[in-house]
Each structure stands twice: as structure tokens, then as C-alpha cells.
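Bear in mind that the values in this text are calculations on the coordinates, not laboratory data. If you're wondering where the values come from, they're calculated on a predicted model, not measured in any experiment. Positions of Cβ are generated from backbone atoms using ideal geometry, with glycine treated the same way; all protein chains shown enter the neighbour counts.
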Amino acid sequence: MKPNLETSPEVGIGEQSDSQRQLEKGNSDLEGGIQVASLNLNDVTLSPNADYPSGVKLAIIIASLAASVFLCALDETIITTAIPKITDEFGSINDIGWYGSAYFMTFASFQLIYGKLFSFYSIKTVFLTSIGIFELGSLICGAAPTSAALITGRAIAGLGSAGINAGFIVILAASLPLERRPLFVSSYSGMYGIASVAAPLMGGAFTTGSTWRWCFYINLPIGGAAMLATFFYLHLPPKPSSEAATWQAKLGQMDLLGTAVLVPGIVCLLLVLQWGGTVYAWSSTPVIVLLVVTGVAAAVFVTIQIWKQDSATVPPRILKQRSVACSTCYVFCAGGALNVFQYFLPIWFQAVQGATAFESGTRILPTTLGTVLFSFTAGFGVSRTGYYTPFMISGASLIVAGAALTTTWAVSSPAAQWIGYQILVGAGAGLGIQQAHTAAQTVLAAGDVPTGAAVLIFAQILGGTVWVSVAQNVLTSHLVKGFVGVVSGLDPKAVLDTGATGLRDVVGAESLDAVLEVYRFALTRTFLCAAVLAGAALVASVGMEWRSIKAKNT
């Protein structure tokens, strides 16, 4: 493919794409019986010479954003080490799945909606409200008197987290010139990487040394400090005020009909992924009904988006933009591949190599550290060269190579192999995934950046959730087939119910080698899934435009 070396102009608050110039101020149409004026979101202009925050003020803004995202990342996994104590206190072993699912249901369901909120309302107000909602959810979780209250708090925290994650990208786009953004956008991956290491350690320390409730209370002072810093130091140009920008107009642009279809559709999809093959068989009536509802909701939602056009939750013109479409596919596949590794690598080390939970946590550090370090490397590289596409291509290529090599692992593979191959995967994820967000900011007008950011985050969340579920079913099916065909008289269900850590307790010494080989092969099939996903991400990266983040001098 011949690169298009034409540079992209600086995308500041206020610039319009050709497709948006038709949306002139004062034009209006009738929707739902209410006259809704088309809102022009690009009236406030920040040129390449705009007065962006700098120095201490910029540092405080970036620190508050990073702290907010770190809390969200921490909240996703810190609860895992606290679950045994929680179930002991509440007697709620049947609710274990909901402690994670409640959070991700609201997190995923409202991600796209926040894209609209950031477009039509004050960015600062929406972001502060999101932190406040997250803090409220954390407070409810920490003080929860029952398991139901804890689940409710998790759902509320997920709702706030959706706004924080989308707001991170939106505020960076409004606070930095385009050529400086990649390095700071990389801190998003950095916070998630640091949290993935810190969460188990902090959760274990709180649960053992004090109480599991501090897993949630810890969010309150840090989140409060981030709110204060944002309130006092974040100053963005106000949205244009006009007679057209009434609350009725904004409400009409919020696509309430699409939202009413989207949220239950996502909830049904996540329930399918949560229950399918575990609580219910895939052929059971509840799972089939949920799949049908998900499919119908998806079809209706797409129809509504096409009908409403620029008033839609996701205006079709945004996804028709080549780089946005390819970036969305990229994060859906590459993010899914990374999640598969992060989920199944600990199982490999605990089940196949007999490592403890703590040891497995340290053995996956090459993936985590590789992602963090190479995220910043890519951010620096894009800021210097101006081009993000080469980093996306090389990133996907490294994930393919690393994932393919992990399928060759044996039960006795040496440390050099499982460290080296993980570094390839982590480096690839770090180089490529965050650059998809940079691409969206480069090719979209400022008024579309909030929606574009929300679409990419949503795709990454959905990809991680869907493909981990697919890989889980691949693992389970190969384990069942392997146990039946290789080890006579062994009850596959008994082994599966035991879990990875108790495998050696239920399998006799005479059968252990055969069982470990079955586990080895089954887990390498999940890594093969990751390799295929990374291959799809590579195809998507080749389809990217070659656009520069460096502004034209006009």
C-alpha cells in the first residue's frame, strides 16, 4: 500500500470536517414531534497556537487524569483477592460472578452514551460527575451491609468508570496540541499496566492486614484529590451558547431511543458470556433467549443509527471514516488478544507448571511491563515522527509472533521461553493499541473526538470480554475431549470443578503427566486464538491511512 504522506492539520476544539460543514447553525429538523436544532459543536477554536495549559497546571491536570484512570483500572481487579473474605462475611458464594459482572455491565453499556454527553455538555462537568458517581459506588461497596448492596455499588462504580475512561481521552485532546498527545495517551495503558500489578498486592494487603472494605475506601481520598485538582485547574473553552442549544435540543440529540435499545442489548450479551457454558448450557433456553434478544437489539440499534444520522449515538459518518473503522477493528482484536493472554497465562503457570497464585502473578510481569514500557516508547516515537500507522503494524506483528510462539510451549519450557515470548506480546500491545486512539483524534474533527474515543474504548472492552469467553469455551472443550480420550476413568467435570490450583490434589501421580499434557494442549489453543486475533488486527492496521499528527504551518 502506498502511504499517503499528506499531513493532517491540527485538530483543535473548533475545526470541522467536510462532512460536518453542512451542519450549519440554525438549521433544524423535526424529531419525535420536537423541533431540534442541529448543534454546531465546533464554534470554539483552538488553533495550533492556542493557549493550552502548560507547566505545573498541565502536570496537575495530567496527574488527576492518570489517578482517575488508575482507580478505574484498580477497581476492575482488586476485588479478586478479596472475594474469599467477602463470601465468608456475606455467605454469598453464588454471587461471586456478579461482583465483576455488575461493574462491567454498566461500564460497557454506558460507554457510547458518555461520548454524546461529552459532546453536548461541559466536558469538565461531565468528568467531575463521573468521578463523583464512581466515588459514590466505591463508598457503597465499602460500607455494604449485604451482598446485594455490594453488587449495587459495583454497578454504580462501573457507570462512573465509563465516563472517566472516555473523559481521559477527551480532556487530553482539549488540553494538548495533537503532536504532543501520543506520549500522554500512552499513560492510559501505563495506568492499567501498573494497576494490574498493584491490584493483587494491594487487595491482599488490605484483606489480610485490615479489611476487604479498604479495597474500595482507598478510592475515596485519591478520587477526591483528583476531583479537586480537576475543578480548580481544568479550564476549557465553554460550549457555544445559542438559542438553538436549549435543553430540549440537547435532549433530542442524545438519541434516547438508541440508548433504550443499546443498554439492554449489551446487558443481555454480557449475561450470555457470563452464563453460557457455566451456569447454563449453550443450548439451554435462557442462553438462546438472551442471544436472540442481543441479536434483535443489535439490529434495531444499527437501524436507529442509520435513521438518525448525526443525531445518533454513533453517527454513521464517523465509522465510515477509514482510519476510525480500521482502528475500531484493531482495538477489538488486539485488545481481545491481550486480554486472552492476561486471563489464561496465570492458569498456565498454576495448572501446568504448578506455580502458586503469587508466583504466577510475578511470572506474567513480562507481558505487563512490556505493555507499559512500549506504550511510552510508541508515544514518544509517534510524537517525534508524526506517524502512528507503522507502530500499529509493528505492534500487531509482534503480538502475532509472540502468540504463535507460545503455542509451542511444553510442560517443561524454560524461563527464557515464557519470558521472551511474553515480552513480544506485551511489546506489541504497547506499541499498537493506544495509537488507535491517536489515529481517531487525528482524522476526526474536534466535535467528533468524544464519540470517537467512546467508540474505541467500547470496542476494546467488548473485544476483551467476547474473546475471553470464546477462549474459555475453547479451553473447556479441549479439556473435556482430552480427558475422555487420554485418561480412562477420569471424570472431566471433577477436574474442571477443581480448578487450576487444585489439579494435583485430585489427579493421581500415575495420571498426572497425561493430564498436564491435556492442559498444555488446551491452553495453547487459547493462545492460538490470540494469534488469530492479532492477525486480524494486523490486517486492520494495514488498512490505516498514513496521516501525520504534526500540524501544517499555515
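Miscellaneous remarks
- For segment 188-199, Karplus couplings with θ = phi - 60° (6.51, -1.76, 1.60), whole Hz, Gly/Pro x: 4, 5, x, 5, 5, x, 4, 5, 5, 7, 6, 4
- Whole-Å distance, taken between Cα centres, linking segment 339-412 and segment 505-551: 10 Å
- In order along segment 176-182, the Karplus-derived 3J(HN,Hα) couplings, from 6.51 cos²θ - 1.76 cosθ + 1.60 at θ = phi - 60°, round to 9, x, 4, 5, 9, 5, x Hz, and Gly and Pro are given as x.
- Here the Karplus relation 6.51 cos²θ - 1.76 cosθ + 1.60, evaluated at θ = phi - 60°, turns the backbone of segment 437-443 into coupling constants of 5, 5, 4, 4, 5, 6, 8 Hz, with x for every Gly and Pro.
- Gain in span if fully extended, residue 512 to residue 198, counting 0.36 nm per residue against the direct Cα distance: 109.7 nm
- Cα centroid separation, segment 442-473 to segment 294-315 (Å): 16 Å
- C-alpha center-to-center spacing [segment 190-214, segment 108-122] in angstrom: 29 Å
- Pairwise label distance in nanometres, residue 256 with residue 408, each label 7 Å out on the Cα-Cβ vector: 6.0 nm
- Other residues within the sphere of radius under 9 Å centred on the Cβ of residue 317, judged by their own Cβ, net out at -1 (K and R +1, D and E -1).
- When you count the other C-beta atoms within 10 angstrom of each residue and take the mean per peptide, 114-122, 152-160, 327-335 line up highest first as 327-335, 152-160, 114-122.
- Around residue 175: net Lys/Arg minus Asp/Glu count, Cβ-Cβ under 12 Å: +3
- In range of the label at residue 54: residues from segment 169-186 whose backbone nitrogen is under 14 Å from the point 7 Å along Cα→Cβ: 176-177, 180
- Members of 116/320; 85/124; 124/320 lying beyond 26 Å, as alpha-carbon distances in this model show: 85/124; 124/320
- Between residue 548 and 8, the built amide H atoms are under 5 Å apart, and every one of these is 5 or more places off in sequence or on another chain.
- Measuring how big segment 49-240 is from its alpha-carbon positions, Rg and Dmax come out at 17.1, 60 Å.
- A cut-off under 13 angstrom between Cβ atoms defines the neighbours of residue 69, and their net charge, with Lys, Arg +1 and Asp, Glu -1, is -2.
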